[in-house]
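Read the structure below first, then the notes.
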Amino acid sequence: MSDMPAGAVPPGDDPDAAAQTAVWQSSPPGSIYDYIRVASFSLGPDGRIEQWSERAAEFFGVPAADAVGRDPIAAFAPPHVQDRGHERLTDILNGREWTGLVPYNDASGAEGLAEVYVMPADRGALCIAVDVATLRQIETDLAASQAVFGQSPMGFVLFDNELRLIRVNDRFATVFGRPADEHRGRGPQDFLSRVEADRLTAALRQVLETGEAVLDMPLVGTVPGDPSRRRWSISLYRLHSSSGRPIGVAGLAMDVTGRQRAEREAAHARRNLALLNEAGARIGTSLDLETTARELLDVAVPHFCDLASVDLYQALLSGAEELAGATDGSGELRRVAFASSVSDAPVAMAGDDDDVSADEGPVSVGSVHRYRFSSASARALRTAQPQVLDGDGGQDLGGALVQSTLVVPMVARDTVLGLVQFSRAKGSEPFTERDRMLAEELAARAAIFIDNARLYRREHERALILQRSLLPPDDPEAAGLDIACRYLPGSMETEVGGDWFDVIELPGHRTALVVGDVMGRGLRAAVAMGELRTAVRTLAMLDLEPGEVLSALDEVVRGLGAPTPGRTRRAKEQESDLTEVYLATCVYVVYDAVTRRCAIANAGHLPPVVVEPGESPLLLELPRGVPLGVGGEPFEESEVELPEGALLALYTDGLVESRSLPLDEGLDAFRLSLDGPERPLEDICDHVLATLDTAHGEDDIALLMARIQGLPADQVGDWTLKPQPTSVARARELAREQLLAWDLGDLVDTTELLVSELVTNALRHGYGDIRLRLLLDRTLVCEVWDSALVQPRRRRARDTDEGGRGLQLVTMLSESWGSRRTHRGKTVWFELALPGRQSHVATPTVDELLSMF
């Protein structure tokens, strides 16, 4: 194969004219003769070399000057074959034609083998020599070429310098539906699309000009009879003559359609596996419904889809036990998450058009909506089966942006919790069956975590309800006290614990302040705390002394920790696990707003801190006592009188002790945080929590602060009466005068009547002097003291009884009443609401009053 000689017509003109023009033109260097090493020389009649060509000089390595006139056998044949050579030469000179193999020595002295053709002439002979080694190589190359063009499973093509096919193998011819001979002279545009033909043409030119091979160039096209797109990979190499002149381009093409399909499948499988791995790592990091939904979309967008949303049943989010509408898909749903990689603004998802409020625009995050019964979304919720929406199928996908959508229900424990919509925008590949399976797996994983979060939220809310029910309100009120409190659970997951505090109003404008700490933490400790708090409140209502309250509470705790008789073995094992919970510390303080005195008893708890105006904070020195539940030791009481404006702080050990903060250092830091100018109690609480290490999460923290604000003297009326009948009238007179001085004329009649009844009972059933005291604060309290220990008992008087109706009147006309023991007798009291304040006591009718007689 050689180039078109100079002067040939351009491609596209008449080939016959081109052939005529090429006749008798000189062939350029690098022809086939150069490649196969052909040499010629002639012999004269005497058998001597007469002519010696340049090719002969190159072939045998003997210059013409040395060869002409010599014996040809002696000129290039080795010595051991020269005798036989002369015999053949004699035959040739006798006019005999001869062809045979002749050994020779080249210029380097190496021995070669040439095939010589000798044609006798009138005067001598013409000899043509061909290198045998080159011929054998050509034979091998031809065999290989024939195999490539006839048997290779890959397409093999040869382009000339004009980028036209000069030969193709059978595989290429079969793919493009023409015999191999008919492809001769065709260009890339004859079997590829215009875009791909231009790319191949540019690559061919690049290879011809630079000589650099182009490897694995992708091409896309179709073949006759198969409309599907096929993909090829072609490698291009420049061909050279023996002299190095470019003579064309060889191309090796391979159909990689199946391989690329397999690679895409493998890539999809790897992507899906990576998505599932990422989903396992990122979904479910929080026990929060909305957070879990957002984590699902963070995994899916944009790696799996372009847009996605999560809708959950509204009943599920509100904590309902049953999901209304879950069986037929008609229930209300809330959009809890939305993600998009193609738009920043809310976009109408495929199912949004099926929403009953679709006229209001795209469903936004946080909005509550409901799908129509006939919609694909409702069908997915109803059947728990995914629905595929494809815009090519004529379905309305909610706008021009979305091409296809997967509506996948979220199912956990055979309950449909909501649905996920995965959408791909136009221009993206539609969802496949494998994508549907992946979407189901992602939704199922998220559904499990969402269901766990739902169960956690429900239990958490129950625990919070329990905890809140066991603690006083955030702003408890008490007579003569300004109160602030804080509670921090050790576990922020459950937000419940075993520390508690309480503010209990007692008769006579007295207040019980309680702080306790149950051993343990979490829900079990909270349950035990609730039992103890209830017991404390019950004992406090009996108006016992602080030491007596703790002694009775100790008996209660020991009873709670003891195993229950008659229980099964398993129940006993469970009870044994709870026994350690029923150990607690507690400090119980009773504050009297009139005297500003505090009676304190301590059961193994840290002592209160007192800050008097202008003084440094100090720990009260109290008998420590043993924790509740230990038993065997009495609880001593201490009494402390506090000045006006003093600060009393009760707390649990979680505030002043942790692994990084020893108890002594914590107490010093607590006292230091209370030091400083006078500030509102709420600010002091915040300052204490901010100063101390309260974020350790190792134990619960309870803090109760009270500032002393005793009742002013002008709000207290206190008199001592002699044990004589005239004291009843005197008591009424004193009460009237005091109420009028307090501008409480509306309460005079009721107070006189009730004071008269209580003083009369003191005279009738008691002995010694009688003490009458009126206290004005948020209510009006009347107390009558006597020396008798017998407690009054309310009873229903018979029709024939002359007395026994006084306490019935007290019950009907007062807000509350009661009696308590004192060191020297008892105190009977009643309480009236002030005018303008809401009262729960209805004014008795005449018939109700007469019914007592």
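Which of the following residues is modelled with pLDDT of 80 or more, of a type in the set (A, V, I, L, M) and over 15 Å from SER423 (Cβ atoms): VAL356, VAL402, VAL336, VAL342?
Values: VAL356 fails: modelled with pLDDT of 80 or more; VAL402 fails: over 15 Å from SER423 (Cβ atoms); VAL342 fails: over 15 Å from SER423 (Cβ atoms).
Answer to the check: VAL336.
Return yes or no: is ARG821 at pLDDT below 85, closer than 25 Å to ASP543 by Cα, among the charged types (D, E, K, R) and not in a helix (DSSP H, G or I)? Full working, then the answer.
Details: at pLDDT below 85: yes; closer than 25 Å to ASP543 by Cα: yes; among the charged types (D, E, K, R): yes; not in a helix (DSSP H, G or I): yes.
Yes: the conditions hold for ARG821.
Could you tell me whether ALA266 is at pLDDT below 85, out of contact with any Leu (no Cβ under 7 Å at 6 or more places or on another chain) and not assigned by TED's automatic domain parsing to the domain that holds ASP160? For ALA266, the condition - at pLDDT below 85, out of contact with any Leu (no Cβ under 7 Å at 6 or more places or on another chain) and not assigned by TED's automatic domain parsing to the domain that holds ASP160 - is met.
Taken over region 608-625, the residue count meeting the criterion of being of a type outside the set (A, V, I, L, M) and more than 12 Å from VAL587 (Cα to Cα) is 7. For the criterion of being at pLDDT 65 or above and not assigned by TED's automatic domain parsing to the domain that holds LEU539, PRO844 fails.
With respect to being surrounded by fewer than 17 Cβ atoms within 10 Å (Cβ to Cβ), over 49 Å from the mean Cα position of the chain (by Cα), over 22 Å from PRO246 (Cβ atoms) and small (Gly, Ala, Ser), GLY211 falls outside the description.
Yes/no per residue for (1) acidic (Asp, Glu); (2) surrounded by fewer than 23 Cβ atoms within 10 Å (Cβ to Cβ); (3) in the same structural domain as LEU417 (by TED's automatic domain parsing); (4) under 28 Å from SER330 (Cα atoms):
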residue	(1), (2), (3), (4)
ASN277	no, yes, no, no
GLY280	no, yes, no, no
THR291	no, yes, yes, yes
ARG294	no, yes, yes, yes
PRO302	no, yes, yes, no
LEU307	no, no, yes, yes
VAL310	no, no, yes, yes
ALA315	no, yes, yes, yes
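Filtered by the rule that a residue be among the acidic types (Asp, Glu) and modelled with pLDDT under 85, region 294-333 gives GLU321, GLU322, ASP328. Checking each residue in region 230-274 for being among the charged types (D, E, K, R) and within 42 Å of the chain's Cα centre (by Cα) picks out ARG230, ARG231, ARG259, ARG261, GLU263, ARG264, GLU265, ARG270, ARG271.
Among the listed residues ASP786, ASP699, ASP743, ASP714, which satisfies the condition of being charged (D, E, K, R) and on the phi > 0 side of the Ramachandran plot? Let's see the steps before the verdict.
Details: ASP786 fails: on the phi > 0 side of the Ramachandran plot; ASP699 fails: on the phi > 0 side of the Ramachandran plot; ASP714 fails: on the phi > 0 side of the Ramachandran plot.
Every option except ASP743 fails the conditions.
Of the residues making up region 807-822, those that are more than 22 Å from PRO546 (Cβ to Cβ) and crowded, with 17+ Cβ neighbours inside 10 Å are LEU807, GLN808, LEU809, VAL810, LEU813, SER814, TRP817.
Return a yes/no flag: does region 700-714 have any residue that is touching a Ser or Thr at 6+ places or on another chain (Cβ under 8 Å) and of a type in the set (D, E, K, R). Among the residues of region 700-714, at least one is touching a Ser or Thr at 6+ places or on another chain (Cβ under 8 Å) and of a type in the set (D, E, K, R), which makes the answer yes.
Pull up region 629-642, narrow it to residues that are surrounded by 13 or more Cβ atoms within 10 Å (Cβ to Cβ) and modelled with pLDDT of 90 or more, then point me to the one that is nearest to VAL518 (Cα to Cα). Looking at residues that are surrounded by 13 or more Cβ atoms within 10 Å (Cβ to Cβ) and modelled with pLDDT of 90 or more, I get PHE635. Hey, ILE247 hits all of (1) in contact with a His (Cβ under 7 Å, 6 or more places away or on another chain); (2) in a helix (DSSP H, G or I); (3) over 30 Å from PRO302 (Cβ atoms) but one; which does it fall short on? All conditions are met except number (2). When region 122-180 is filtered for residues that are basic (Lys, Arg), within 60 Å of the chain's Cα centre (by Cα) and not in a loop (DSSP other than H, G, I, E, B), only ARG171 remains. For region 541-590, taking the residues that are β-branched (Val, Ile, Thr) and part of a helix (DSSP H, G or I), the one that is modelled with the highest pLDDT is identified as VAL549. Checked against (1) outside the structural domain of LEU754 (by TED's automatic domain parsing); (2) touching a helix residue (DSSP H, G or I) at 6+ places or on another chain (Cβ under 9 Å); (3) charged (D, E, K, R); (4) closer than 30 Å to LEU774 by Cα, GLU657 passes all but condition (4). Yes or no: GLU678 charged (D, E, K, R) and modelled with pLDDT under 85? No: the conditions fail for GLU678.
Of note, ARG259 does not satisfy the criterion of being over 20 Å from VAL168 (Cα atoms) and part of a strand (DSSP E or B).
The set of residues in region 197-232 being at pLDDT below 90 and either hydroxyl-bearing (Ser, Thr, Tyr) or in contact with a Leu (Cβ under 6 Å, 6 or more places away or on another chain) (or both) consists of GLY221, THR222, SER228, TRP232.
The values are calculated or read from the model by the stated rules, or taken from the named source; none is laboratory data. On a predicted model such as this, the values are computed, not experimentally measured, just so you know. With ideal geometry, Cβ positions are generated from the backbone for all residues, glycine too; neighbour counts draw on all protein chains shown.
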